[in-house]
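Q: Let me begin by handing over the structure; questions about it come next.
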Amino acid sequence: MEHSSNSISDLSKKNQRTVNRLWEQKPVSVDKITGLFNTIENEFYRNNPDFEPGNGWSKPTTQLNYAPLPGKLKPYPNGKALLRESTDTHDIYVDKGTRLNGTRAGIHVHESGGITFVMRGKGGITDFVEGSTNTFNPVGHYYYMPANTMMSASNFSGGNVKLMDIFITPLGQPPITVLEPGYPGY
């Protein structure tokens, strides 16, 4: 399994402060959030210039990369909205929660992409992305979730892991579309 090379500590000091302030639920300007998001999104596409979104998606879906995924389907037991903000053109969502050991998110897409920060705990998150190699993202790292691409995330690292997600969508577009039966939001 490939390891992520996206350490939070490698972000600019300004972006590290934005991540920490969001996590601590301190005020953060929309410009700083969108700047952080755009930096990470641009980095992903610069480092993956040949990346193509999946071949489309539809409900129901129970496989990624032609195989079922391991782990028990379970949402965060303590999911919490940290921020909900709207501009004239976008909705901004920042959420946190705990991915319990042995559990995974249902197969889903983020139509406008997203970012997950692996903030606390012992271990990390395995990110499954249609058409890509799985990545392991340890505590202190982050990963970009490309737009319109089927994915899921699992925790098989031995302990619970606390995560923070950021989504920026056009007004009214949900941050996630669940494709797998049996997962909340399907």
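Q: Restricting attention to the stretch 6-35, and to residues there that are among the aliphatic types (A, V, I, L, M) and part of a loop (DSSP other than H, G, I, E, B), which single residue is surrounded by the most Cβ atoms within 10 Å (Cβ to Cβ)?
A: V28
Q: Still on this structure, I have one more. Right, N38: surrounded by 14 or more Cβ atoms within 10 Å (Cβ to Cβ), polar (S, T, N, Q) and free of Cβ contacts under 8 Å to residues at least 40 places away in the same chain or not?
A: no
Q: Can you tell me which of P49, P60 is modelled with pLDDT under 95 and either out of contact with any strand residue (DSSP E or B) (no Cβ under 7 Å at 6 or more places or on another chain) or in a loop (DSSP other than H, G, I, E, B) (or both)?
A: P49
Q: I would also like to ask the following. Testing P60 on (1) exposed (fewer than 14 other Cβ atoms within 10 Å of the Cβ); (2) within 21 Å of N137 (Cα to Cα), one condition comes back false. Which one is that?
A: P60 satisfies every listed condition except (2).
Q: Identify all residues within the stretch 113-151 that are of a type in the set (G, A, S), surrounded by fewer than 21 Cβ atoms within 10 Å (Cβ to Cβ) and either within 16 Å of E43 (Cα to Cα) or modelled with pLDDT under 95 (or both); write none if there are none.
A: Hits for the stretch 113-151 are G123, G131, S132, A147.
Q: Follow-up question, since we're still on this one. Within the stretch 64-87, can you find the residues that are free of Cβ contacts under 8 Å to residues at least 24 places away in the same chain and either more than 20 Å from V118 (Cβ to Cβ) or over 18 Å from the mean Cα position of the chain (by Cα) (or both)?
A: Once the filter is applied, which keeps residues that are free of Cβ contacts under 8 Å to residues at least 24 places away in the same chain and either more than 20 Å from V118 (Cβ to Cβ) or over 18 Å from the mean Cα position of the chain (by Cα) (or both), the stretch 64-87 yields Y66, A67, P68, R84.
The values are calculated or read from the model by the stated rules, or taken from the named source; none is laboratory data. It should be emphasised that the depicted structure is a prediction, and the values quoted were computed from it without experimental measurement. Quick reminder, even Gly has a Cβ in these numbers, built from the backbone with ideal geometry, and neighbours come from all protein chains shown.
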